[in-house]
Each structure stands twice: as structure tokens, then as C-alpha cells.
Amino acid sequence: MADRIDRAASRPDRTNIYSDIFTNFNAHPNTGALLVRTDVDAVKRALRNLIMTDKGERPFNTKFGSNIKSILFEPATDINRRQLQTLIREAIETNEKRAIIQDVVVALANDEETYVIDVYFRLLNSPDVNNLNVKLDRIR
């Protein structure tokens, strides 16, 4: 029993709080272990997936997603821009508990065919504010 406690106590502290595997299941070329995203990169990827997924798109998790694709076909107005902000904020607050939203900024690019979304967030256990930038092309 003492041997097990000593081994556990001698392990180095983990510096990564959050980790997710790559969705294509790539392996490290030298070790063969699955590649992982950690901390901010893991949460950014999860937020991007959440934003780009429509509700009902995942069969056993029908509340996951943001439903922003329906707005991309609408005219670019301030009302639609604010609706995008609201949908994104609600989706993140409902589905991603690792991120605390500071601000969601939705702007229209110069070509008026692309929404530029900046999500400012911090990790649950960190004071640092991070930025996720997503560009959505409007399709007619």
C-alpha cells in the first residue's frame, strides 16, 4: 500500500486541465499515442464545433448546437447580427461548461458576404481572456 502512495505522490503535477482527442484519430509518429488538444486549444475547437452545429444534427443530443445557419441566408441587418450574437451566447452557456463568455462580437466583413465572429472567453479555472475567431460565409 505504501508503495502505491509513494508512486502517486511522486508523479509530476499535470499542467493540462482540459484535453480532447483529434477527431481524425491521428497518432503521434514516434509514440503511437493519440494526438490531443489541450486547455485553450481544446475549448476553442469545442466552441467552433458548437457554433457550426445545428440543433438536432446530433442524433442523441438534439439540444447541442446553435442554429446559426438559418440566419446566414437572411439579409445582413443589425437585427440578424444581434440574433447571431444571442444564439451563439446561449449555445455556449448551455453546452460548454469549461468556457465563461466575456463577450460575443459579430461584425460584417467588407464584402458584406461574411460574418466575422469573435468570442471572448476565459477558461473556468483561469483569469486569462482568450479569443476565438470564426468566419461565416453567407450563401445565397
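The values are calculated or read from the model by the stated rules, or taken from the named source; none is laboratory data. Here the structure is a predicted model, which is why all the values come from computation and not from measurement. In this analysis, Cβ positions are derived from the backbone assuming ideal geometry, glycine residues included, and neighbour counts consider all displayed protein chains. These area figures cover heavy atoms from the full protein model, side chains too; ligands, DNA and RNA do not enter into them. Shrake-Rupley method; radii C 1.70, N 1.55, O 1.52, S 1.80 Å.
So which residues in region 61-102 are acidic (Asp, Glu), assigned to a helix (DSSP H, G or I) and modelled with pLDDT under 90? Correct list: 78 only.
Can you tell me which residue in region 42-62 is nearest to residue 92 (Cα to Cα), limited to those that are surrounded by 14 or more Cβ atoms within 10 Å (Cβ to Cβ) and out of contact with any strand residue (DSSP E or B) (no Cβ under 7 Å at 6 or more places or on another chain)? Among them, the one singled out is 50. Applying the condition of being of a type in the set (Ser, Thr, Tyr) and more than 19 Å from residue 43 (Cα to Cα) to region 89-140 and asking which residue is surrounded by the fewest Cβ atoms within 10 Å (Cβ to Cβ) yields 114. Scanning region 63-86 for residues that are of a type in the set (Gly, Ala, Ser), open to solvent by less than 60 Å² (accessible area, probe 1.4 Å) and free of Cβ contacts under 8 Å to residues at least 60 places away in the same chain yields 65, 66.
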